[in-house]
Amino acid sequence: MNILEIKELSKDFGGLRALNNLSLTIEQGQIFGLIGPNGAGKSTAFNCIAGVYAPSAGNIFFNGHRINGEKPWNLCRKGIARTFQIVKPFATKSVLYNVMVGSFAKTGNRSLAEEKAMEVLEYLQFVKQKDMRAGNLTIADRKRLEIARALATEPKLLLLDEVMAGLRPSEVDDMVEIIKKLRNRGITIFVIEHIMRAIMALSDFVVVLHFGQKIAEGTPRQVASDEKVIKAYLGDEYVVSGS
């Protein structure tokens, strides 16, 4: 079953076309990778899916229903959650408070919101930090908090926007395991990432964007050996090291 279908999606900002005729399909339970150079249109695609931007053309379907232009909070209630490249928690509030913010997407009851938040923190092995001020967390833990807050909304589809950026190699490995664990929970993952060893290890299927257009798609191995992708994004060094 397809959980997300994007059909001929375009997004214009004045005279600039940031996305041009993008089509892709994500099956329920997949980890789906979206890669490409900076400015390729990846975050614009996420913003259209999550309701931040209305598409200029094309259609987006979530669980078979057209969601073009719906508000982010309505899409969140329907089961689409996302993280952001630049993590901005409520810095003066506790980790638990930050995760409860996500819980309130599905309940107005404080006790139930706290119960859900604690369940998420336990699942992500983050309970020890629950009373810490979010502003005092390490970069790796802020990324984990961002995922925890999204997970508290009980998503069916989780959009992860460069959750591994700025992490050390060991922290990247930890994040890869977290994402795999989320898929095992039944959540479909759509991930943007520049750390190629992570995206190649995680993804069932990958789409490559360049200047707003899809230039390749396939399994990680197929994409990594595509000449267009090597030239536009990966570079010969990746091929040599990956062979």
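Points worth noting:
- 3J(HN,Hα) from dihedral phi, the range 191-201, Karplus parametrisation 6.51/-1.76/1.60, rounded to Hz, x for glycine, proline: 10, 9, 7, 9, 7, 5, 5, 6, 5, 6, 6
- Of the beta bridges in the chain, as assigned by DSSP with both residues counted there, near 55 percent are antiparallel.
- With the simple model of a label 7 Å out from the Cα in the direction of the Cβ, N109 to Q28 spans 2.7 nm.
- P(r) of the chain over all Cα-Cα pairs, binned every 5 Å from zero, in whole percent: 1, 6, 14, 18, 19, 16, 12, 8, 4, 1, 0, 0
- The range 86-155 and the range 19-66 have Cα centres separated by 26 Å.
- With the convex hull drawn around the C-alpha atoms of the range 1-88, the volume per residue stands at 110 Å³.
- Equivalent-ellipsoid semi-axes of the range 34-73, from the Cα gyration tensor, Å, largest first: 20, 11, 9
- What you get for the chain, charging only the Cβ of Lys and Arg (+1) and of Asp and Glu (-1), is a dipole of about 700 debye around the Cα centre.
- Dipole magnitude (debye, nearest 20) for the range 78-170, charges at Cβ of Lys, Arg, Asp, Glu: 180 debye
- For the range 9-145, average projected area of the Cα convex hull in nm²: 9.9 nm²
- In the range 1-125, a dipole from Cβ-located charges (positive for Lys and Arg, negative for Asp and Glu) runs towards its positive end, and of N98, A40, L16 it is L16 whose Cα lies farthest in that direction.
- Think of it as helices only: each DSSP H run of n ≥ 4 in the chain is worth -39500 (n - 2.57), and spread over all residues that comes to -10000 deg cm²/dmol at 222 nm.
- Size descriptor, Kirkwood hydrodynamic radius, that averages inverse alpha-carbon separations across the range 159-223, Å: 12.5 Å
- Structure note, pairs K42/K116; K143/K180; K88/K116; K106/K180: Cα-Cα distances above 27 angstrom occur for K42/K116.
- Computed over the range 77-229: relative contact order in percent, which uses C-alpha pairs under 8 Å that are six or more apart: 24 percent
- Pair-distance profile P(r), taking every C-alpha pair of the range 121-243, with 10 angstrom steps and integer %: 11, 40, 31, 14, 3
- Given charges at beta-carbon only (K, R positive; D, E negative), |dipole| of the range 123-243 in Debye: 460 debye
- Ranking L157, Q129, V172 by Cα position along the charge dipole of the range 122-243, where only Lys, Arg, Asp and Glu carry charges on their C-beta atoms, puts Q129 farthest toward the positive end.
We did not get these values from a lab; they are worked out from the coordinates using the rules stated. This one's a predicted model, so the numbers in the text were calculated from it and none came from an experiment. When we count neighbours, we look across all protein chains shown, and the Cβ atoms used for this are built from the backbone with ideal geometry, even at glycine.
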